[in-house]
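Have a look at the structure below before the remarks.
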Amino acid sequence: MPKELKSYRSRLLEKLAIPMEAAHYVNAALQDSTEMFLEAVRDVAQAHQMAKVAKLSGVARENLYRAFSVEGNPTLDTLQAVLPALGLKLAVTVAARGSRTQSILPTSLRPITVTKTAKQ
């Protein structure tokens with residue numbers, strides 16, 4: 001008897017129910033674009049069953065679909081309610097040196113670069 005094959009979507013949702021897999025997936029999407037980030041969060045929410053996520057987060061199911069659509073624009077409050085319900089959290093880290101964005105820190109607060117010079 002042939003082995004029953006699962007669809008890509010069902011396998012993806014199974015994997016996204018695992019917090020570490022979900023975190024990698026959402027972080028990769030965030031690096032791509034805002035639209036991909038929103039879609040990734042929606043995928044993870046679907047992996048956890050949208051109705052359960054809505055109940056845990058206190059956000060109506062319909063609002064979850066709307067906020068995390070490609071054209072959605074969730075508030076920070078929505079993200080802070082939904083991400084913990086998915087076993088995730090939002091974090092801010094230091095930008096990598098040489099990143100595309102310019103630092104807004106005053107010169108006195110920027111990291112100092114120390115270079116060694118050859119002894120004469």
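The values are calculated or read from the model by the stated rules, or taken from the named source; none is laboratory data. Since the model is a prediction, treat every value here as computed from it, not as a measurement. We place every Cβ from the backbone using ideal geometry, glycine too, and count neighbours over all the protein chains shown. What goes into the accessible areas is simple: the full protein's heavy atoms, side chains included, and nothing from ligands, DNA or RNA. Shrake-Rupley method; radii C 1.70, N 1.55, O 1.52, S 1.80 Å.
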According to a simple spin-label model (label point 7 Å from Cα along Cα-to-Cβ), what is the distance in nm between residue 93 and residue 56?
-> 2.3 nm
For the peptides 18-30, 84-96, 68-80, what is the packing order when you average, over each peptide's residues, the other Cβ atoms within 10 Å and list the highest mean first?
-> 18-30, 68-80, 84-96
Expressed as a percent, the accessible surface of the stretch 6-78 that is carbon or sulfur, using a 1.4 Å probe and the full set of protein chains, is 53 percent
In nm, spacing of pseudo-spin labels at residue 31 and residue 70 (7 Å Cα→C-beta vector) | 2.3 nm
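Any of 6/55; 15/89; 6/52 with alpha carbons more than 20 Å apart? Name them for me.
With Cα atoms farther than 20 Å apart: 6/55; 6/52.
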Excluding residues on the same chain fewer than 8 positions from residue 3, give the aspartates and glutamates whose Cα lies under 19 Å from its Cα.
-> 14
